[in-house]
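Below is one structure; the comments refer to it alone.
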Amino acid sequence: MKGSFKTALVAAVVSAFVAAGAAVATTKTFVLGTTNTVDAASTVTAASSGLNAKVLQLINNSTGSAATALGLTTPSSRPPLIVNSQAKVVNLNADKLDGIDSAAFIRPPIGNAYSVFDNDMTTCDATQHCDGHLVLPNLPPGSYVISAKTIFNYANHGAVLAGGSIIATCSLTAGIDSDQAQTEVYAKDGAGARIQTLPLQVVHTFTGTGQVDLSCQDQISAAYWLWAKITALRVGAISNVPG
């Protein structure tokens, strides 16, 4: 049904939901149930003592998919609404902050960094063939920059190394991403330790609970893998592309 208001009520209704600055002229009538065209702005101000209530209440009881109580439309370069208060509006939800979706923000309880170490991660079988293995388990879903290091110690095996060398290899694995480090230890005169540090780094995004593995081995037996450590630092996002 269509109806009409007098000038004062017309101005009050229009000013509540026309943010771009259009208003019903004083000589026109605001007609419900149709489109009204205006050519001037309107302002509604409560009495000097103020009004302890809503100046305007819009109610729409429809449960339809397009139902709402208010629609504000402006050009894409202009804000649909202007406010003058920093007070929090109850139940007014915002999905983005500076163009970033809420799902992109890290939410508690999530730690920033995870680490595990072993001063001697060496394990040997019955033939005294020794490898090194260290695991950082139970990482929460997210993106990580992961680093690891260990010290390869091949001590007092001059007879084995005489005139040659051995190669030691470590791999750091997180999901489908991995890094490898390799060193070659050469023979030298006299008995003594042959020590090399192997650093590794990898980036990876876990969609579920994740695990990082550091695994080391050499060509022959009786090496030692000492002072091993894995550290996973959680970050907001990573970019991992070929160079």
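The values are calculated or read from the model by the stated rules, or taken from the named source; none is laboratory data. Since the model is a prediction, treat every value here as computed from it, not as a measurement. Cβ: placed from backbone, ideal geometry, glycine included. Neighbour counts: every protein chain shown.
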Lone unmet requirement of (1) of a type in the set (S, T, N, Q); (2) at pLDDT 90 or above; (3) more than 26 Å from GLN180 (Cα to Cα); (4) within 20 Å of the chain's Cα centre (by Cα) for SER147 = (3)
note = Considering the range 25-40, residues that are farther than 18 Å from GLY71 by Cα and part of a loop (DSSP other than H, G, I, E, B), and then whichever is modelled with the highest pLDDT, we arrive at ASP39
key: Lone unmet requirement of (1) modelled with pLDDT under 95; (2) farther than 15 Å from TYR114 by Cα; (3) of a type in the set (Val, Ile, Thr) for VAL235   = (2)
query = Does LEU136 qualify as being under 19 Å from LEU226 (Cα atoms), modelled with pLDDT of 90 or more, under 22 Å from the mean Cα position of the chain (by Cα) and among the aliphatic types (A, V, I, L, M)?
reply = yes
note = ASN156 vs (1) modelled with pLDDT under 80; (2) within 27 Å of the chain's Cα centre (by Cα); (3) among the polar types (S, T, N, Q): all pass except (2)
request  = Output the residues belonging to the range 25-72 that are free of Cβ contacts under 8 Å to residues at least 12 places away in the same chain and either surrounded by 10 or more Cβ atoms within 10 Å (Cβ to Cβ) or among the hydrophobic types (A, V, I, L, M, F, W, C) (or both).
outcome  = THR45, ALA46, ALA47, LEU51, ALA53, ILE59, ASN60, ALA66, ALA67, ALA69
